[in-house]
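Nothing in this text is a laboratory measurement; each read-out follows from the coordinates by a stated rule. Remember, it's a predicted structure, so these values are computed and weren't measured experimentally. All Cβ positions, even for glycine, are placed from backbone atoms using ideal geometry, and neighbour counts span all protein chains on display.
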């Protein structure tokens with residue numbers, strides 16, 4: 001706008017100086033200065049915002065130029081019309097440019113009819129040349145800007161595809177590393193189990209052999225642990241080396257989780273059974289994450305004033321996790337996912353017929369809970385609770401199959 005303001009000021013000063021010198025034709029008396037100067041300024045003033053509002057600015061110039069031309073105040077009216085035609089063609093499009101060019105021709109014809117002059121033919125020829133030049137220049141710049149926009153869009157698309165390809169490659173490599181991790185750890189653990197069994201058998205009859213077996217177990221365990229750490233460093237998200245490492249939570253930390261949710265505004269009634277501190281580390285972590293995600297969903301979607309109840313009970317070789325809230329939630333279909341894609345037993349313990357796995361709506365949280373249940377051979381049920389609210393029920397085995 002600064003450049004356009006300077007351009008408008010230059011055109012206005014040109015006509016004002018011309019008016020002060022006697023006008024276009026000194027022999028013909030012109031209007032008073034308090035009429036001429038405001039019109040000189042008004043006809044170029046819309047050029048200041050010709051880039052932001054090109055159509056409005058162009059037609060304001062078009063209207064004021066009639067008075068400017070009728071009083072024969074100079075050339076700024078024609079220059080402003082030409083610049084407006086160029087602006088409409090560049091910043092709006094070809095159709096509006098043609099319409100404004102047609103209006104420009106109409107203005108010339110009206111001027112020629114109302115105020116005929118001996119040099120009118122030369123003026124019309126000059127005006128027609130000006131219209132054609134500005135329209136063609138605007139068409140060229142419009143095409144160039146369109147090409148630039150298309151080029152930028154393609155570059156953005158290429159960058160996006162490149163980033164996606166890189167993420168896909170990283171994901172594939174991490175998947176391959178995860179398979180290698182499984183093979184390495186499985187082999188090392190198998191060796192350790194065999195050596196431990198051999199050491200137990202040879203402990204009394206051949207203590208030296210038992211000692212060598214224990215040494216092999218120790219060496220194999222250290223190697224497997226080192227390999228596991230290196231591979232997990234590769235699989236770990238890129239959060240930087242300065243991120244503090246804290247122990248993973250387990251089922252015994254559910255009390256602290258409930259306290260944090262109460263502080264966030266969700267009353268939580270927590271009931272924990274016996275024997276949770278003896279669960280395998282992976283199962284205990286899975287229970288904590290399922291409860292954490294369920295309470296987070298309650299905080300986000302249940303609405304104000306909602307409360308939640310958490311029940312974690314161990315019965316034999318199974319742990320049942322039940323999280324229920326009394327909020328509105330979002331009505332979704334009940335999802336039942338088993339370890340092998342079949343539905344789980346209902347809350348009353350009655351068997352359900354096998355059902356296909358239903359898709360999960362609502363983001364990655366439910367998908368993560370489902371995957372945690374599947375990893376440990378458990379089941380997951382997510383859906384509206386009887387009597388209102390939302391319910392998450394998971395059943396995980398205590399003992400994992402080898």
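When the Kirkwood hydrodynamic radius is evaluated over all pairs of different C-alpha atoms of the range 47-132, what value in angstrom, to one decimal, is obtained? Each step should come with its number before you reach the end.
On the way: mean 1/r = 0.0768 Å⁻¹.
With all distinct Cα pairs of the range 47-132 included, I get 13.0 Å.
Give me the one-decimal nm value for the distance between modelled label points at residue 32 and residue 253, 7 Å along each residue's Cα-to-Cβ direction.
8.7 nm
If you average the alpha carbon positions of the range 120-166 and of the range 292-327, how far apart do those two centres end up, in angstrom?
59 Å
Which FRET efficiency, nearest 0.05, do residue 317 and residue 160 yield, Cβ-Cβ r, R0 45 Å? It would help to have the intermediate numbers written out before the result.
On the way: r = 49 Å, r/R0 = 1.09.
Taking R0 as 45 Å, the efficiency between residue 317 and residue 160 is 0.40.
Round to the nearest 0.05 the FRET efficiency obtained for residue 151 and residue 113 when R0 = 45 Å and r is the Cβ-Cβ distance. Present the calculation step by step, with values, prior to reporting the outcome.
Details: r = 47 Å, r/R0 = 1.05.
The value I calculate is 0.45.
With r as the distance between the Cβ atoms of residue 386 and residue 218 and R0 = 45 Å, compute the FRET efficiency 1/(1 + (r/R0)^6) and round to 0.05.
Details: r = 55 Å, r/R0 = 1.22.
So the FRET efficiency works out to roughly 0.25.
Beyond 16 Å, how much of the Cα-Cα pair distribution for the range 75-177 remains, as a whole percent? Could you put the intermediate results ahead of the total?
Details: 3555 of 5253 pairs.
Tail fraction, whole percent: 68.
Rounded, prolate or oblate: which fits the range 246-324 when a ≥ b ≥ c are the square roots of the eigenvalues of the alpha-carbon gyration tensor, with rounded for a/c under 1.5 and prolate only if a/b beats b/c? If you can, show how the numbers build up before the last one.
Details: a/c = 2.21, a/b = 1.70, b/c = 1.30.
Verdict is prolate for the range 246-324.
Any idea what the relative contact order of the range 31-144 is, in percent, if you count C-alpha pairs under 8 Å spaced at least 6 apart? Before the final figure, lay out each step's value.
Numbers: 114 pairs, mean separation 29.8, N = 114.
About 26 percent, as a whole number.
How would 314, 260 line up from fewest to most surrounding beta-carbon atoms within 10 angstrom? Display every interim value, and only then the final one.
Working: 314 19, 260 13.
So the residues, fewest neighbours to most, are 260, 314.
Give me the Debye-computed log₁₀ of I(q)/I(0) at q = 0.26 Å⁻¹ for the range 255-294, equal point scatterers on Cα only, no solvent, two decimals.
-0.97
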